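All remarks here apply to the structure that follows.
Please treat every number below as a calculation from the coordinates, not as lab data. Everything numeric here is computed off the predicted structure, so don't read it as measured data. Don't worry about glycine lacking a Cβ; one is built from the backbone with ideal geometry, like all the others, and counts go over all protein chains shown.
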Amino acid sequence: MSGAPILEVERIGRIYRRGGIFGGKPFYAVDDVSFTLPETPKVFSIVGESGSGKTTLARMVLRLVEPTDGTIRLMGRPLTGTSKERIDNLEFRRLVQPIFQNPFEAFSAYLPIGTYLIRTALNLKIARSEAEAVEAADAALRSVGLSYERIRGKYIRQFSGGELQRISVARALIPNPKLIVADEPVSMVDASLRMSIVNLFRQIVEEKGVSFIYITHDLSTAYYLSDHVAIMNAGRVVEQGAPGDILAYPSEAYTRELMAAIPTIGARWTELDEIDRHYAHERTRDGKSADKHHQEHS
Ligand SMILES: Nc1ncnc2c1ncn2[C@@H]1O[C@H](COP(=O)(O)OP(=O)(O)O)[C@@H](O)[C@H]1O
Ligand SMILES: [Mg+2]
């Protein structure tokens, strides 16, 4: 299936009921979302405030939640449904790996953390024996600046959040995945260590050819890290494009609100920028969106 995009998300949706299973009006937690990750490794960021549907979207891509609408294809093959082409669980878990928000919840406090890495290597049949699993874990740990020797026998309380998140990344790398879905991976990490994790992601993309879906409520790390940004609001992707374009010419008031939360960018956002943005839109967008823009401002 060479030449197929890594991931094609086509008009997916997920309905939930507000207020639990009993009663409550159904609503779309994710509503008609489409995007594509090309074959060449890239970082695709999904940015939105809390409750905008980011985790639901991530869980559908991770095949942990079944979409109620639409289709997802991984390297040209459907993730859901009953077709013969559907990727089986083992193959799927080798290709797509998660990194979660809270590394203290990802790993139990009662097991040495190395156990998880060994378990991953054995479960995914990357290793046939414990010795091979340790080797696979060590190789993965070395690519995040650690080693098996340094974590051997240790429990999560003996690590900082930043170190634990590095170990989460190592765990995800064990099967040499094609895609990592990282849901707010640095929001629990100390601010001083955040950039080192974000830089690690970039390094993995370049050196290991892994694509990333990077989910965050923080537009500044998304801007720094990603090749493509999708802005989510109330279950929908309200705009997407190259991060530079989105920050320079956000077409949505919602995006500007997210930008205002970034001190350096928010402070630079002036009346003059607003005027530049207005005319730039008229020049660069097709007639239809220029009209829409006029209506919003009249
Ligand atoms: N299992 C569920 N049952 C009912 N509602 C849910 C469930 N999961 C998420 N939601 C709702 O869907 C919306 C989107 O949630 P989520 O995907 O977690 O957003 P985000 O990750 O952007 O904060 C929220 O209103 C949330 O309460
Ligand atoms: Mg979330």
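For E239, the residues 5 or more places off, or on other chains, whose built amide H falls under 5 Å of its own are I231.
Working from Cα pairs under 8 Å separated by at least six residues, relative contact order for the chain is 22 percent.
Could you rank the peptides 208-217, 98-107 by their average count of other C-beta atoms within 10 Å per residue, with the highest value first?
Working: 208-217: 21.3, 98-107: 19.0.
Packing proxy ranking, top to bottom: 208-217, 98-107.
Taking the centroid of alpha carbons for each part, segment 112-126 and segment 11-61 are 29 Å apart. Take every DSSP beta bridge whose two residues both sit in segment 7-261; close to 55 percent of them are antiparallel.
A dipole drawn for the chain from +1 and -1 charges on Cβ atoms has a positive end, and of Y249, L124, A222 the residue lying farthest that way is L124.
Computed extension length for R18-Y155: 45.5 nm, one decimal, from 0.36 nm per residue of separation with the Cα-Cα distance subtracted. Once the chain from F27 to D245 is taken as fully extended at 0.36 nm per residue, the excess over their C-alpha distance is 75.4 nm. In order along segment 158-171, phi translates into HN-Hα couplings of 8, 10, 7, x, x, 5, 4, 5, 4, 5, 4, 5, 4, 4 Hz, rounded to whole numbers, per the Karplus curve 6.51 cos²θ - 1.76 cosθ + 1.60 with θ = phi - 60° and x for Gly and Pro. For the chain, the mean residue ellipticity at 222 nm estimated from helices alone is -12500 deg cm²/dmol, where every DSSP H run of n ≥ 4 contributes -39500 (n - 2.57) and the total is divided by all residues, rounded to the nearest 500.
Note on S143 and S129: their simple-model spin labels are 2.4 nm apart, each label 7 Å out from Cα toward Cβ. Note on segment 7-261: with charges restricted to the Cβ of Lys and Arg (+1) and Asp and Glu (-1), its dipole about the Cα centre is near 720 debye. For segment 101-116, 3J(HN,Hα) computed residue by residue from phi via the Karplus equation (6.51, -1.76, 1.60; θ = phi - 60°) reads 5, 10, x, 6, 9, 5, 10, 6, 6, 9, 10, x, 5, x, 4, 5 Hz, glycine and proline entered as x.
Packing, taken as the mean count of other beta carbons within 10 Å per residue, orders the peptides 79-91, 122-134 from highest to lowest as 122-134, 79-91. Going toward the positive end of the dipole of the chain, with +1 on Lys and Arg Cβ and -1 on Asp and Glu Cβ, which of P67, Y110, P78 do you reach last? Of the listed residues, the answer is Y110. The Cβ shell under 15 Å around V65 holds other residues with a net charge of +1, Lys and Arg each +1, Asp and Glu each -1. Put simply, the amide H of V43, placed in the peptide plane, has neighbours under 5 Å in F212, D227, H228, leaving out anything fewer than 5 places away on its chain. Applied to segment 119-130, the Karplus parametrisation 6.51 cos²θ - 1.76 cosθ + 1.60 on θ = phi - 60° returns per-residue 3J(HN,Hα) values of 4, 4, 4, 6, 4, 8, 6, 7, 10, 9, 9, 4 Hz, with x for Gly and Pro.
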